[in-house]
Amino acid sequence: MLPRSPLALSPRTLAIATLALCLPVTTLLYLANAPRSIIVTFGGDALGPGRAESIPAVDVEAYMQAYLDELASARDPSRDEEQYGLKLGGDITLASYTRELLDAYTTYLVPTSSGRARPAAEFVELARARLALAPPSAPWPPRPRQVITTDADPGNMPYEWHRWAKLMPDWERRVFDDAGLADWVARVFGGTRAAEVWASLPRVVLQTDIFRYMILLVEGGIWSDSDTAPIIEAEQWGLPYESGTPPLLTHLARVLSLASARGVDDGDEGRGKAAWAGPLIEDGGELGEPGLVVSIETDAVMYGWDDWREVGLARKVQMTQWTISARPGHPVLLDAVGRTLRKSEEMARAQAEAQSKGEPFVPDTALEWTGPGVFTDCVYRYLLARYGISPEDLFYLRGPVRVGDVLVLPSGSFSSVSPWTPRIPQRAWAAVHHAFLGRWRPADPGIEEFERLKKAREDEEKERAELALAAAQATQALTDGAGAARPSGAVESGAADPSVAKAATPVESRAGERRRSRDSGVGVRATASDAESRREALGLRAEQES
């Protein structure tokens, strides 16, 4: 971090000096190979009314953009989905990503019933500013000190929820029931396409998922499911952390910060004043608390789990979304709102088409449709587009890492050991305990269908094993009896035992029926996740293997 100079130097002087002093050799070589240069002009906004100076400099922002685009274009979407279950999209350059988010805003979050244009909502301006490569000219709004959740019975909350009040008594706790959800959406997004799509969702769990993205996007704060309990205060989550921001972006952002800051003259009048009024930057963003705090749920790559879909994960290295901390206006949340609403419309169209053809329809599970699957995609998309960080860069995390304005905690941080079991030591980065009550599960037809097909597959495998065992035992019996005296009617050596064949026939028939039942499932995706009850066992399995 650059210290504030005791001298009153203009941005022109500082930009020229620090271009050589604060950049590492690799960055200077990168800039030296630039095919062109431009003149960076400091107009009246930088140096005061009527003042304008120019300094020769490379187009720093353009090279930051080119650097990010090169990293994003190297991704293979089909490989990402096949190996990790990720659905990041084909074009995740920063410009394309920004356009997609702004399109989601205008499509879903701008009122359609008003006859006159309204000014852009504050949250979309904040999201746009976070996507800009130049450092902010003013501090971002802080994270409100509020913890938000939903529950069907706010007067009878789970035991775990009350620990938020005990550990963080100065934080506001807000509990929304089903009616409260509808009231908030109508008040904030009334007259928008988002409100229409949200109200048409077939299950409350889907509405709850999207609601958490909406309220954190607009207001900020901490979302945490009602069956969670904090281990430590929120201000301590992920501390200390390591920087994961590419050094090139960090140093170039420092130059932009100097070039865009409001400066003072070099004369006596300015002596002793701050050299620049712009914010100092660190980790690719402004100093201060992160804009978003998330945790990896389970790293199936690190644990070597090839059966990650079978154990209840929608992504191989998946983020939790039962606990999220955010300052208002974060792009990840705008992306999550847009993608889940668009997915909801796709599901509605697919269901209508299936019904028109008289075909059965099973939608995606909540985990894939609105839950941690799509939320994981949104986190990875932002980190790739804005900071050039690939999903693989977050595999094998052993401690918290801050990438720009996003703090990522390692696996298990938001599914820590219960605070009421003191004999089991907590990890150093433990932040939240999740009880995994999973009261939404019985209402998810996607999970029910996945479980049915899974049981059919397991039964088929079991019957095949029994058939193979019976055949092996029959063969062994024939071998043991070869050459010995046999009673009248015994099967000759090498001949098939008709009783074995007769017994095998119904088993094979049932196995075939189960296989046909499994293969006829319509609308079941390969990435469908298991019930959440298995995710608690998954957390214990991760604890043992780490």
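The values are calculated or read from the model by the stated rules, or taken from the named source; none is laboratory data. Keep in mind that what you see is a predicted model, and the values were worked out from it rather than measured. Every residue, glycine as well, gets a Cβ built from its backbone with ideal geometry; the counts of neighbours run over all protein chains shown. Just so you know, the surface numbers come from the protein's heavy atoms only, side chains and all, with ligands and any DNA or RNA stripped out. Shrake-Rupley method; radii C 1.70, N 1.55, O 1.52, S 1.80 Å.
Below are the figures for this structure:
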item: Full-extension gain in nm, VAL311 to ASN156, via 0.36 nm per residue minus C-alpha separation; result: 52.7 nm
item: Region 141-256 shape via C-alpha gyration tensor axes, a/c threshold 1.5; result: oblate
item: Where labels lie 7 Å past Cα in the beta-carbon direction, separation of ALA66 and SER356 in nm; result: 4.9 nm
item: Entries of LYS316/LYS462; LYS316/LYS343; LYS87/LYS166 with Cα pairs more than 30 Å apart; result: LYS87/LYS166
item: Ratio of Rg to Rh over region 350-404 (Cα coordinates, Kirkwood Rh, two decimals); result: 1.25
item: Accessible area per residue, Å², region 115-165 with all protein chains present, probe 1.4 Å; result: 54 Å²
item: Nearest-10 value in Å² for the accessible area of TYR84, using the 1.4 Å probe; result: 20 Å²
item: Extension reserve of the ALA182-ALA165 stretch, reckoned as 0.36 nm per residue once the Cα distance is removed; result: 3.6 nm
item: Percent carbon-and-sulfur accessible area, region 293-354, ignoring ligands, DNA and RNA, probe 1.4 Å; result: 43 percent
item: Virtual paramagnetic centre 7 Å along Cα→Cβ of GLU289, amide N under 19 Å, in region 226-246; result: 229-242
item: Share of carbon and sulfur in the accessible heavy-atom surface of region 162-214 [1.4 Å probe, %]; result: 50 percent
